[in-house]
1. Between residue B:84 and residue B:211, what FRET efficiency comes out of the Förster formula 1/(1 + (r/R0)^6) with R0 = 30 Å and r the beta carbon distance, rounded to 0.05?
2. Taking the Cα-to-Cβ direction at residue B:412 and at residue A:144 and moving 7 Å from each Cα, how far apart do the two end points lie in nm?
3. Per residue and in Å³, how big is the convex hull formed by the alpha-carbon atoms of segment B:347-409?
4. Given the rule -39500 (n - 2.57) for each run of at least 4 DSSP H residues, summed and divided by the residues of chain A, what is its mean residue ellipticity at 222 nm, to the nearest 500 deg cm²/dmol?
5. Nearest 20 debye, what's the magnitude of the dipole of chain A about its Cα centre given +1 on Lys and Arg Cβ and -1 on Asp and Glu Cβ?
6. P(r) for segment B:331-459: what percent of alpha-carbon pairs falls in each 5 Å bin, starting at zero?
7. Just how large is the dipole of the protein assembly as shown about the Cα centre, in debye to the nearest 20, putting +1 at every Lys and Arg Cβ and -1 at every Asp and Glu Cβ?
8. From the phi angles alone, apply the Karplus equation (6.51, -1.76, 1.60; θ = phi - 60°) to segment B:142-156 and give each ³J(HN,Hα) in whole Hz, x where the residue is Gly or Pro.
Amino acid sequence: MATLEFSSSLGNTAPPAGIANPTIVASLEDISKTYYMGALAVEVLHGVSLEFFAGDYISIMGPSGCGKSTLMNILGCLDQPTAGKYFLGNEDTSQMLDDELSTIRGARLGFIFQSYNLIQQLNVLENIEMPLFYQGYAAKQSNEIAMGLAERVGLGDRVDHKPFELSGGQQQRVAIARALAVDPLIILADEPTGNLDTKSGAEILKLFDELHGQGKTLIMVTHSDELAERSQRWVRLLDGRVESDDRRDS
Amino acid sequence: MDGWKVMTDAILESPLTRPAAHSHSSGRVRFSLVRYKKITQVGIKSIYSHGLRSLLTVLGIVIGVAAVIAMLAVSEGASFEAQQQFRDLGASNILVKSVKPAEVEETSRQGFGPPQAIVYGLTLMDVDTIRNSIPGISNVIASRIVKKNVWNLGISMNTDVVGTAVDYPVSRNYNLQAGRFFSESEVRDHANVVVLSAEVADALFPIDNPLGGSIKIDSDYYNVIGIMEPEGFSNLGQNQAGASNSAPSRIFIPFSASKSRFGETTTRQTAGGMESETVELHEAIIQVDDQEAVIEVGEIIDQILQRRHKKVDYTIEVPLALLRQAEESALRDSIVAGAIAGISLLVGGIGIMNIMLASVTERTREIGIRRALGAKKRDIIAQFLIEAVILSGVGGLIGVVLGIMIPFIISAFWGMTTIVTPIAPVLAFSISAMIGVIFGIYPSMRAADMDPVEALRHE
Ligand SMILES: Nc1ncnc2c1ncn2[C@@H]1O[C@H](COP(=O)(O)OP(=O)(O)OP(=O)(O)O)[C@@H](O)[C@H]1O
Ligand SMILES: [Mg+2]
C-alpha cells in the first residue's frame, strides 16, 4: 500500500512502546478534501494518511489554514472526505448513511470546540445530558451520569446555571463533561483553549491529562507548542499534507 | 499493517450495535414517549421565550378556528330556527293574511272629521272561492284577530283575541297543555268559551288554576276551557296588521263568537287619532293534501286573490318555500363562512411557516450542535414539527374558547339562535393541528437538511 509507505517514511508511526497489543481506533487512508465554491475547486487536504491508537494523546499542529479543522471535522464524521477512506474502529464511515453517522457522532465520539458550543437556553445539566438524550437514555439515568460528570469537572454546584452565567473556562469544562457523557471512543478537541486565558487553559489541559491517564484516546488541535508538550504524539500539517509525525520516546 | 489491526472487541465493536457504555438494557428507551416529552419541552421553551411573537403568529389560527366554530353555530342555529318555523306552520300549509294596503293609509290621514272605516283584507268569499276552485285543499281555517283588553278581576292585559275554527291547533302543530279546545257545537252556538296561551294564562291567573275560571272581554265573560303549550320560536302567523309581532300572547275564542261579540269594524288608537277598519278575516290557513303541490297551490291562490282584490291587501306565506329559502341562504352563509375561515386558517398557516423559518435560521447553530452530538435528521424534524404543532394547537385552543364564546354573545345581544354542536370545536381544533403539521414540515426539513459543519460555523 502506497499510503503505508508514505506515512511510515515520515517517521515514527509505530505503536507506542510498552503497549503489547496496540489497537487502532481510527485510521485515515489517503484522505483528500476539496471545497467547491462555484466553479472554483480548492483542495484543502491532499492525501492524508494517519492511524490513531487506543489510549493515545495526539496534538495536531500547523499554521492557520493548513486544514486542521477540516481534518477534525472528517475525524468527527461531521464532514465527509472527497476521496480516501476513514475507518472508525473496523468500520468504513464512507459507506454509512446519515443516520448511522449521527449515531457514531453521538455514541462513539466526543466533541470539544474552541467556542464551547453550549446551547444557551439549556442549563449546565441539560447541556451535559444532551448526547445521552439522543442515545435514548432514560431521564433518571442520564441525570445521574450528567451529575457525576458535572462534579468531575468541578461544576457540581453550578448545574442549574445557564452558559452565559459561567466563565469561558467553566463553559469549556461543561463542554468536556458533555463530550464524556456517552463514554466515547475518541475525544476530539479543536483548539479547546483557544478562547481561554492561560490559567483556565491550564485547568482544561489538566482535565485532559486525567482523561489520558484513564486511557482515553484524545486528539487535540492546538497552535501552542507549550500545550502540545503534554501530549504523546505530534502531527504537523502543512498545506493539507502531513509534514511530520513524531512520538514521545519512552 | 494488518497485524496492527488487532481488534480488541471491547473497544471496537460496531458503534451501531454496541450498547452505550453507561446503560443497562432496561434503562434504555428507544423512541419512547420520554424522548418526545423532552423534545416537546424544548418546543414549549422556545415558544415561551418569544411570547408576543408566538401570540401574533397564532392570531391567524385563532381567528380561523373561532370563525369556523362561530359561523357553524350561527348557521346551525339559523337552520334550526327555520326548521322550527317550518314545523310550527306545517309543511303542507299555506298562510294567507290580510295586510293594510299602503295607499289607504294616506287617504285616511288627509281627511278631517270623524274617522272613516277602512275596508280591506280577506273575506269569507275569498276563502270559499279558493276552497271550491282548487282541488286538493283538505281544509281552510279562517281566523279573525282583534286586539283587546282582557280581564281577570283586577288584572288585565292587552292581547290578540283570535276567533277561529276547531282545527286551528292541529293545523299549526300547536298543542294544548291543559283542558281542551272548543268544539264544533260551541262554534255553532257562538259560545263564550276561551282557550288561553300559556303566557296569557300565567299573566292573568298568577295563583289560581285558570281552568274553570272566567275572563272578561269588553262586557262579556268567557269560560276558560283550555291552555295552550308555551310557544316556541315562531311568531309567524301571529301578527295582525299593526299588532305587535313580538308578544306571543293570544287567546282563542270561537270564530262565530268573535264575529257576533266584536262586530266587523274595529277601532284603534294611532298617532294621528282614532282609526277604524273593517276586516272580515285576518288570516286563513289553507291545508293542502299533497305536500309536493304546496308551492304550486300557493301560486294559484295568489292568482285568484289578484283577480278578486283591486289592491294588494294580503300576503301569502308558504312555509315550505320559506324553509327552502332558509336552507338555501344557510348554505350560502356556510359557504361564505367556510371560505373566510379557510382563508384565515391559510393565513395562519403561512404565519406559522414564516415564524418557523425564522426560528430555524435563528437556531442554525443549535441545530449544528445537536447534530454534532448525535441528533438524527428525524430528531431535528420532530423538534421543529412539534414546535409548529404546539403553536397551532395553542392557537387552536384559544380559537375554540373564543369560538364557543362568540355564539353566546351573538345570542345574548342579537337574540339569534346559535347552536354549538360538539363536532365543530373538535373539527376546528383538528384542522388547526393539521395546519401546524402541513406548514411546519417545510421549515423542519430545512432545519434537518442543514450541513452540520456549516450549521456549526453559523454565528
Ligand atoms: N466550507 C469551506 N468552503 C471553502 N473553503 C473552506 C471551507 N472550510 C475551510 N475552507 C478552507 O480550507 C482551508 C483549511 O481550513 P481549516 O479551517 O481546516 O484550517 P485550520 O487549519 O483549521 O485553520 P485555523 O488554524 O485558522 O483554524 C482554508 O484555506 C479555508 O479557507
Ligand atoms: Mg481551525
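1. Values: r = 28 Å, r/R0 = 0.94.
With R0 = 30 Å, the Cβ-Cβ based efficiency is 0.60.
2. Calculated label separation equals 5.7 nm.
3. Working: hull volume 5.0 nm³, N = 63.
Value for segment B:347-409: 80 Å³ per residue.
4. Details: 8 runs with 85 residues, N = 250.
Helix-only estimate at 222 nm: -10000 deg cm²/dmol.
5. Working: 20 positive and 34 negative charges, 57 e Å.
Around 280 debye, computed over chain A.
6. For segment B:331-459, the binned pair fractions read 2, 11, 16, 17, 14, 11, 8, 7, 5, 4, 3, 1, 0 percent.
7. Numbers: 60 positive and 81 negative charges, 166 e Å.
About 800 debye.
8. 3J(HN,Hα) across segment B:142-156, in whole Hz: 9, 9, 10, 10, 10, 7, 9, 8, 10, 10, 10, 6, x, 8, 9.
We did not get these values from a lab; they are worked out from the coordinates using the rules stated. All values reported here derive from a predicted model rather than from experimental measurement. Quick reminder, even Gly has a Cβ in these numbers, built from the backbone with ideal geometry, and neighbours come from all protein chains shown.
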